[in-house]
Amino acid sequence: MPEAITLNDGVQIPQLGLGVWQVDDAEATGVVLTAFEAGYRHVDSAQGYANEAGVGRAIAQSGLPRNEIFLTTKLTNQFHKRDDARRATEESLEKLGLDYIDLYLIHWPAVIAHGESYLEAWEVMNKAKAEGLVRSIGVSNFNPDHLDRLLSVSDTVPSVNQVECHPTFAQADLAGELRRRGIALEAWSPLGQAQDLQDPAVAAVARDLGRTSAQVIIRWHLQKGHIVIPKSVTPSRIAENIDVFSFELNDDQLEAVDRLDAGNRIGPDPATATF
């Protein structure tokens, strides 16, 4: 079973979860049920993924107690304005079929497209947390300057910043800054959209341990203290990705993966994203 870490607001989150980006709504139900059967208890969705209803069906059909499931979703950029953010929050709860969301994130700061309206969204999210509709609130794809602006208008420090992070784009400076602020780093595209699996150094560590390259990278994230949400729709890989708690990388193996950092950003840059 995945280990849990405690966020800065006292909420516990399973350190390993299932990402469902690019999983369509109809497929999401079966994929999430497969993950639950494999031992996952943390699912990461978003309004923009258009699969909250499918995820919600899986939660309802699983038979698992609600308090054993950790569900994350994210507020879409065009809903940052105060009234829009409140309506979007209520719509997510309805689609998911839930009374509360465990972790609610602002998906992108989206400053170029939407100015600083994410500050209004943060106000709405704080209120939703106070009302018990959300247990923990955080952000996604925020740079330090976005965090500074957020904290200039609110005393609430985000519990999580979900960002692109993988061995060839390790975000070491940002990771250090988040640690200083008491914000957990959650890694999306933790395998570099499969690109990092091909690296010879990762393959060598995998051979030494009798593990797969994906397991090595996921284990690297866990030992770095990251929350990690690998995505797969293949049952064997879903099971493989959670089978990472019976071994560890030694210092030399960790360093071998650390050396792969090359600033290889795959996704959009939060500073220049225009959506």
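The values are calculated or read from the model by the stated rules, or taken from the named source; none is laboratory data. Please read these numbers as outputs of a predicted model, since none were measured by experiment. Here the Cβ is made from the backbone with ideal geometry for all residues, glycine too, and neighbour counts use every protein chain on show.
Restricting to segment 49-76, count the residues that are under 14 Å from the mean Cα position of the chain (by Cα) and either touching a residue at least 40 places away in the same chain (Cβ under 8 Å) or more than 19 Å from residue 128 (Cα to Cα) (or both). Looking only at that region, the number is 5. Can you tell me which residue within segment 195-215, out of those that are in contact (Cβ under 8 Å) with a residue 24 or more places away in the chain and among the charged types (D, E, K, R), is surrounded by the fewest Cβ atoms within 10 Å (Cβ to Cβ)? Only one residue tops the list, namely 208.
Here residue 272 clears all of (1) under 22 Å from residue 21 (Cβ atoms); (2) assigned to a helix (DSSP H, G or I) except the condition numbered (2).
The condition (being touching a strand residue (DSSP E or B) at 6+ places or on another chain (Cβ under 8 Å) and part of a helix (DSSP H, G or I)) is satisfied by just one residue among 254, 222: 222. Among the residues of segment 181-212, those identified as over 24 Å from residue 71 (Cα atoms) and either out of contact with any helix residue (DSSP H, G or I) (no Cβ under 9 Å at 6 or more places or on another chain) or in a loop (DSSP other than H, G, I, E, B) (or both) are 194, 195, 199, 200, 207, 210, 211, 212. Any idea how many residues of segment 75-121 are out of contact with any helix residue (DSSP H, G or I) (no Cβ under 8 Å at 6 or more places or on another chain) and not in a helix (DSSP H, G or I)? The qualifying residues number 5. Does at least one position in segment 68-85 carry a residue that is of a type in the set (D, E, K, R) and crowded, with 24+ Cβ neighbours inside 10 Å? Checking segment 68-85: at least one residue is of a type in the set (D, E, K, R) and crowded, with 24+ Cβ neighbours inside 10 Å. Does residue 237 meet the test of being among the charged types (D, E, K, R) and surrounded by fewer than 20 Cβ atoms within 10 Å (Cβ to Cβ)? It is true that residue 237 is among the charged types (D, E, K, R) and surrounded by fewer than 20 Cβ atoms within 10 Å (Cβ to Cβ). Residue 72 falls short on exactly one of the conditions (1) more than 16 Å from residue 47 (Cβ to Cβ); (2) assigned to a strand (DSSP E or B), and that condition is (1). For residue 246, the conditions (1) without any contact (Cβ under 8 Å) to a residue 24 or more places away in the chain; (2) part of a helix (DSSP H, G or I); (3) over 20 Å from the mean Cα position of the chain (by Cα) are fulfilled apart from (2).
Quick one: is residue 267 under 25 Å from residue 147 (Cβ atoms), part of a loop (DSSP other than H, G, I, E, B) and touching a strand residue (DSSP E or B) at 6+ places or on another chain (Cβ under 6 Å)? When the stated conditions are applied, residue 267 passes them.
Restricting attention to segment 133-180, the residues that are small (Gly, Ala, Ser), touching a Ser or Thr at 6+ places or on another chain (Cβ under 9 Å) and assigned to a helix (DSSP H, G or I) add up to 0.
Is it the case that some residue within segment 7-26 is in contact (Cβ under 8 Å) with a residue 24 or more places away in the chain and in a helix (DSSP H, G or I)? For segment 7-26, residues in contact (Cβ under 8 Å) with a residue 24 or more places away in the chain and in a helix (DSSP H, G or I): present. Per this entry, residue 139 is not counted among residues that are on the phi < 0 side of the Ramachandran plot and at pLDDT below 95.
Only one entry of 98, 93, 103 meets the criterion of being under 20 Å from the mean Cα position of the chain (by Cα) and crowded, with 21+ Cβ neighbours inside 10 Å, and that entry is 103. Once segment 153-194 is narrowed to residues that are at positive phi and among the polar types (S, T, N, Q), the residue that is surrounded by the fewest Cβ atoms within 10 Å (Cβ to Cβ) is 193. Only one of the numbered conditions (1) surrounded by 12 or more Cβ atoms within 10 Å (Cβ to Cβ); (2) touching a helix residue (DSSP H, G or I) at 6+ places or on another chain (Cβ under 8 Å); (3) over 30 Å from residue 33 (Cα atoms) is not met by residue 268, and that is (2).
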